[in-house]
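Read the structure below first, then the notes.
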Amino acid sequence: MATTHNLGFPRIGANRELKFALEKYWKKESSRDELKAVGAHLRERHWKHQSRLDLVAAGDFAFYDQVLDMSFTLGNLPERVRGFHGDALDNAFRVARGGSSESAEEHAACCEGVAAGEMTKWFDTNYHYIVPEFDAATQFTLDTSRLVEQLGEARALGVNAKPVIIGPVTYLWLGKAKDDSDKLALLPRLLPVYAALLDHFAALGIEWVQIDEPALVTELDTQWRDAFVTAYDALSQRRVRLLLATYFGQLQENLDLACKLPIDGLHIDAINARDDVGAAAKLLPDSSVLSVGAINGRNIWKTDLNATLDWLEPLHASLGDRLWIAPSCSLLHTPVDLASEMKLDAEIRSWLAFALQKLDELDVLARALNDGRASVADALACNAAAIASRRASSRVHNPAVKEALTKIDATLGQRASAYETRAQKQAAMLALPAYPTTTIGSFPQTNEIRHARRQFRSGQLDATTYRAAMEREITRAVKEQEALGLDVLVHGEAERNDMVEYFGERLDGYAFSEFGWVQSYGSRCVKPPILFGDISRPKPMTVEWTRYAQAQTRKPMKGMLTGPVTILNWSFVRDDQPRSESCRQLALAIRAEVLDLEEAGVRVIQIDEAALREGLPLRRAQWDGYLRWAVEAFRIAANGVRDETQIHTHMCYSEFNDIIASIAVMDADVITIETSRSNMELLEAFDHFKYPNQIGPGVYDIHSPNIPSEAQIVALMTKAAERIPRERLWVNPDCGLKTRQWDEVIPALRNMVAAAHTLRASA
């Protein structure tokens, strides 16, 4: 009998209950007990959803981030928060956000004002994790309280729980040494804590533990490969069974290593590593199970169940009870329930599966394997009809778009002049001071903005009244920026719900869910649009709003666009053609918008590519192919403008030092990047690479409630000027200000502008 299990479930709730509970708590509008009660209720509901499975994940729920939770389980707290004397949950929020719900009066003496932990992308997903911090003196101490609490809740519900933890080697691999020490030197200190944790699970009567080691799908040098052998040899004398889980990519040269580790089962992501499955079946010992991730845990298209059974059935015949089936990875990256999407186009809806529907698919596969296809004939027939409908639909394929792609040539991606020539013309046109100041695009999305948008969408507000409301918000944003003394302004994006969804709604080839939220970090949720067909732009998307904003000021107004690579990477993308082809379609659509903005008199245009680094394949050997088409797509979108038009791009929360040469090839006149949480560490790339254009290293961490002081900003920019000529530096926040409040934004930007004046005076 094939065993069914799940690697993890979305924790935000079908109606984003966790998001709203967190934000209410952070605003001191609810108690810690009330927040924890919401968490317990969500866990109970999610376990009940998964109760049909043979094994259910426990410990995958986190109030902020599973990597941060693992740091607390291992007792690896940054030194700056070790003296905290409140609840551990507040301490976790302090590491994540640089703040806590506790009052300054209660904690001013020991804890207020600490810096937030660095945040970066979880492998090649749009989920962000808090980076573990290490130094040569790091010690580890076990804290089982979180896991024991969740396992106790599961047991009380009668759930057959499988604890989920991040493995020791991947945990070290994910972290960052804050000094010059070797992270792997900490492994001997870390392994006894893992051994004690496994012993604790055994004492609780746990049979199986899922230990996630996704670092195995990356290219590892000899030291890291040896670390896996050392780690699992040290954990071999355990009293629980280990299912080692890999996902997001292929094991390739690490497959033999993984199969020879002293583990009891191996999970392989068969969506990304189908070829590894058959090889693992031959390499694993006869006593080990092979878990196959047969359903895509990161995208929302229905699984072709009949085709999947075609290759699962021979595997089941060979492995028998040793075959486990599951989604490819945690379902954290998918929305919760398609059943809520009553407004979604019926045909497109029939092609989709959210988290709960993926569990249904898993159940059908298991029943077909265990009892024969005839036992689920109706379900298989319904699935086959949906798969056939999508393949044949005329809504998916647009011959005009296909023809436009054939006309792309190298000239579309070339600016008329080299950067040096453009820079002189732009300087004359814009007349900006040294250390020019700007923001990244969005300003706070107030309750008034959200209320107006809801009313407009529901038909309670007509288009004229809605437009007037948004124009008032734009005017406010412009006047606030003028009062602050910013040099290049933005219109604030009051009319935009999300930087990707907004554009998707205005492009043919996209569909939209109503409740298809996924977690990006903490309480931040996004609703990725569904790229189901060929992409085209029916009409201008941003020109009228930008033209209105420019009319409110004499200062330069940036046109704000999301780039083709980011729109692609932050969408649920069709899987019936190469991603590169969809990206080129998006590039042509954004190019048309750029040219329309320029024609409307906009002289500064920002094309955000926040997700460029995120889309990199996990293996360096595959980077060149991706970077070629990704950079080409940006250049197609950006480079049709005149020399005088200044093109900006923005990237956030990504380690991009190793692709800085490709970023330079994008040839944006100005690039803005996140650097404040990393204390300008991301600028180390410029020690060895002379970036040719202008750069704005972010100095205000907008994901934290902390307000940077003028002195802090001056210090960061002074550090940046050690690597980048001062005449090419801009001063700006790390990212957009959508998620902050005006009472946080105003003082932070005031300090930023003051810092720019101080820098100019000392130049």
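The values are calculated or read from the model by the stated rules, or taken from the named source; none is laboratory data. Just so it is clear, the structure is predicted and the values come from calculations on it, not from any experiment. Counting neighbours? That spans all protein chains shown, and the Cβs are built from the backbone with ideal geometry, glycine included. Side chains are part of the model used for accessible areas, which takes the heavy atoms of the whole protein and leaves out ligands, DNA and RNA. Shrake-Rupley method; radii C 1.70, N 1.55, O 1.52, S 1.80 Å.
Applying 0.36 nm per residue to the separation of Arg728 and Glu710 and subtracting their alpha-carbon distance, the gain on full extension is 4.4 nm.
Simple rule: put +1 on each Lys or Arg Cβ and -1 on each Asp or Glu Cβ in the chain, find the dipole, and look at Ser330, Phe532, Ala279; the Cα lying farthest toward the positive end is Phe532.
State, as an integer percentage, the relative contact order of the stretch 458-583 based on alpha-carbon contacts under 8 Å between residues 6 or more apart. RCO, the stretch 458-583: 26 percent. Working from Cα positions, state the angle (0 to 90°, nearest 10) between the long axis of helix 222-234 and the longest principal axis of the chain. It is inclined by approximately 40 degrees. Near Thr4, the amide H atoms lying under 5 Å from its own belong to Asp54, Leu55, Ile325; only residues 5 or more places off or on other chains count, and H is placed 1.01 Å from N. Computed with every protein chain present, the accessible area of His451 is close to 90 Å² [probe 1.4 Å].
With +1 on the Cβ of every Lys and Arg and -1 on the Cβ of every Asp and Glu, and nothing else charged, how large is the dipole of the chain about its Cα centre, in debye rounded to the nearest 20?
In total the dipole reaches around 1360 debye.
Each residue was assigned an accessible area with a 1.4 Å probe, and for Val364 the value is about 20 Å².
Between 0 and 90 degrees, the angle of helix 88-97 with respect to the longest Cα principal axis of the chain falls at about 40 degrees. Averaging Cα coordinates gives a centre for the stretch 556-574 and one for the stretch 604-677; these two points are 12 Å apart. Given a 1.4 Å probe and the protein chains as shown, Phe9 ends up with an accessible area of around 10 Å². Largest accessible area first, the listed residues Ile702, Ile271 line up as Ile271, Ile702 when surface is computed with a 1.4 Å probe on the assembled protein chains.
For the full complex of protein chains and a 1.4 angstrom probe, list Phe72, Phe20, Phe515, Phe656 by accessible area with the highest value first.
Details: Phe72 30, Phe20 100, Phe515 75, Phe656 5 Å².
The ranking, largest first, comes out as Phe20, Phe515, Phe72, Phe656.
Across the options Thr138, Ala115, Ala58, the greatest Cα extent toward the positive end of the charge dipole of the stretch 43-202 (unit charges at beta carbon of Lys, Arg, Asp, Glu) belongs to Ala58.
Going by the alpha-carbon gyration tensor, a ≥ b ≥ c the square roots of its eigenvalues, is the stretch 377-446 rounded (a/c under 1.5) or, if a/c is not under 1.5, prolate (a/b greater than b/c) versus oblate?
oblate
In this structure, the pairs whose alpha-carbon distance is over 30 Å, taken from Lys121/Lys402; Lys282/Lys358; Lys27/Lys183, are Lys121/Lys402; Lys27/Lys183. The mean accessible area for residues of the stretch 536-675, using a 1.4 Å probe and ignoring ligands and nucleic acids, is 29 Å² per residue.
The accessible surface of the stretch 476-630, taken with every protein chain in place and a 1.4 Å probe, is 47 percent carbon and sulfur.
Taking the solvent-accessible surface of protein heavy atoms with a 1.4 Å probe, what is the per residue accessible area of the stretch 1-106 in Å²?
37 Å²
The residues Cys583, Cys382, sorted by heavy-atom accessible surface at 1.4 Å with ligands and nucleic acids left out, run Cys382, Cys583 from largest to smallest. Given a 1.4 Å probe and every protein chain left where it sits, what share in percent of the accessible area of the stretch 339-474 is carbon and sulfur? Carbon and sulfur atoms account for 55 percent of the accessible area of the stretch 339-474. The accessible surface of the stretch 667-763, taken with every protein chain in place and a 1.4 Å probe, is 51 percent carbon and sulfur.
Taking Cα atoms only, the orientation of helix 377-392 departs from the longest principal axis of the chain by about 30 degrees.
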